[in-house]
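Here the structure is laid out as structure tokens; the discussion comes afterwards.
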Amino acid sequence: MASTDLASPTGAPPGHATGEIVFRFACAAAATFLLAALAGVVVSLFIGGLPAFRAFGFGFLTSTTWNPVTEVYGAAGPIAGTLITSFLSLLVALPLALGVSVFLVEFCPPKLSRPIAIAVELLAGIPSIVYGMWGLFVLAPWFAKHVQLPIALDFAPDSFIGKIFAGTPNGANIFTASLILAIMILPYMAAVFRELFLTVPPQVREAAYGLGCTPFEVIKAVVIPYVRKGMIGVVMLGLGRALGETMAVTFIIGNSHSFPHSLFDSGSTIASTVANEFAEATSDLHTSALIALGFLLFVITFIVLAVARLLLREAKI
């Protein structure tokens, strides 16, 4: 009997087609399981938060009242705290991350570049509770003594700066929480920016230098335009990382449910509110309000990450 009689119509061994079918089925099952788990989380959060949405309606999103005693809950304060701290942290971390990545790619000697890059990547793996404890016991007292108190003494309460930085000088406020978040997302963004800049072909840089460009001009006119879409995606991913942070923010934000009126006001985020109160919720409506906050955080984070994926789809990283 000819050997071709034992082969599949495509010429592959007899077990090849079966293995291919099993492999495709396993991959499809994994993808389906992931989507089903994601859908299950969304549905569970929505159903759990439905009593709160029904009880307070659209006012749940706009009210700043959060009172478990009277069973009145509003998410405006935690939502505002989440967005403010996330965007402030991004505003602080972005230029620093760009500076670190540009230094490692363009100026740092090769013998030092790789060890420093590994150290930056390791910083991204430090647990958030470590950052929170450092912020509570080191950053907050220092910040209250050397920043908040001098500003409170030097500027009148009714002045523009006095209003922006008004607040009790205890170090626990929106701004210090944003600094902690910035420190947390900085190594993550710097590491990804570095990998992104390394995708620029060396010939492109060399051509720019050959034309007489300075390093600043090469970065500004060649490197950044080449990876612009990817950079936007990295920024969005960093923002998504900041939106969902829990323990580090809980330690240092002050945990006040009121709407923040200045950068030095105490506040709260969605994640910190859930972490603080979920174990102590005694009523069904209180639990539902916390689950509704979790659903809102999921929606906000999902939108940010979905936009990031759309931007990264065409990026060469």
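The values are calculated or read from the model by the stated rules, or taken from the named source; none is laboratory data. These figures come from a predicted structure and were not determined experimentally. All Cβ positions, glycine included, derive from the backbone under ideal geometry; neighbour counts span all protein chains shown. What goes into the accessible areas is simple: the full protein's heavy atoms, side chains included, and nothing from ligands, DNA or RNA. Shrake-Rupley method; radii C 1.70, N 1.55, O 1.52, S 1.80 Å.
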Item checked: Which numbered condition Lys229 fails, given (1) more than 30 Å from Ile129 (Cβ to Cβ); (2) modelled with pLDDT of 85 or more -> (2)
Next item on the list: Hand me the list of helices (runs of 4 or more DSSP H) wholly inside region 93-176 holding 3 or more residues that are closer than 23 Å to Val234 by Cα and in contact (Cβ under 8 Å) with a residue 40 or more places away in the chain.
Entry: 110-123
Next item on the list: Pull up region 192-204, narrow it to residues that are closer than 20 Å to Ile116 by Cβ and either among the aliphatic types (A, V, I, L, M) or touching a helix residue (DSSP H, G or I) at 6+ places or on another chain (Cβ under 7 Å) (or both), then point me to the one that is surrounded by the fewest Cβ atoms within 10 Å (Cβ to Cβ).
Entry: Leu198
Item checked: Pairs where the first residue, in region 181-198, is under 26 Å from Ser268 (Cβ atoms) and the second is open to solvent by less than 10 Å² (accessible area, probe 1.4 Å) and of a type in the set (S, T, N, Q), C-beta under 8 Å, 6+ apart -> Leu181/Thr85; Leu181/Ser86; Leu181/Ser89; Ala182/Ser89; Met184/Ser89; Ile185/Ser89
Next item on the list: Filter region 224-250 for residues that are over 14 Å from the mean Cα position of the chain (by Cα), in a helix (DSSP H, G or I) and closer than 21 Å to Leu91 by Cα and give the result.
Entry: Ile224, Pro225, Arg228, Lys229, Gly230, Met231, Thr250
Checklist line | Candidates Leu293, Leu285, filtered to the one that is within 30 Å of Trp66 (Cα to Cα) and open to solvent by less than 20 Å² (accessible area, probe 1.4 Å) | finding: Leu293
Note to self: Looking at region 41-65, I want the residues that are over 16 Å from Ala76 (Cα atoms) and have a partner that is open to solvent by 60 Å² or more (accessible area, probe 1.4 Å) with Cβ atoms under 9 Å, at least 6 apart or on another chain. Which pairs are those?
What the structure shows: Val42/Phe302; Pro51/Asp284
Margin query: Every residue in region 223-254 that is in contact (Cβ under 8 Å) with a residue 40 or more places away in the chain and of a type outside the set (A, V, I, L, M, F, W, C), please.
Written below: Lys229, Gly230, Gly233, Gly238, Gly240, Arg241, Gly244, Glu245, Thr246, Thr250, Gly254
Note to self: With the requirement that a residue be exposed (fewer than 15 other Cβ atoms within 10 Å of the Cβ), touching a Gly at 6+ places or on another chain (Cβ under 7 Å) and either of a type in the set (Lys, Arg) or modelled with pLDDT under 90 (or both), what does region 126-177 give you?
What the structure shows: Ala156
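Would you check if there is a residue in region 57-69 being assigned to a helix (DSSP H, G or I) and open to solvent by less than 60 Å² (accessible area, probe 1.4 Å)?
yes
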Notebook entry, point to check: Is one or more of the residues making up region 263-279 closer than 27 Å to Ile232 by Cα, in a loop (DSSP other than H, G, I, E, B) and open to solvent by less than 40 Å² (accessible area, probe 1.4 Å)?
Noted result: yes
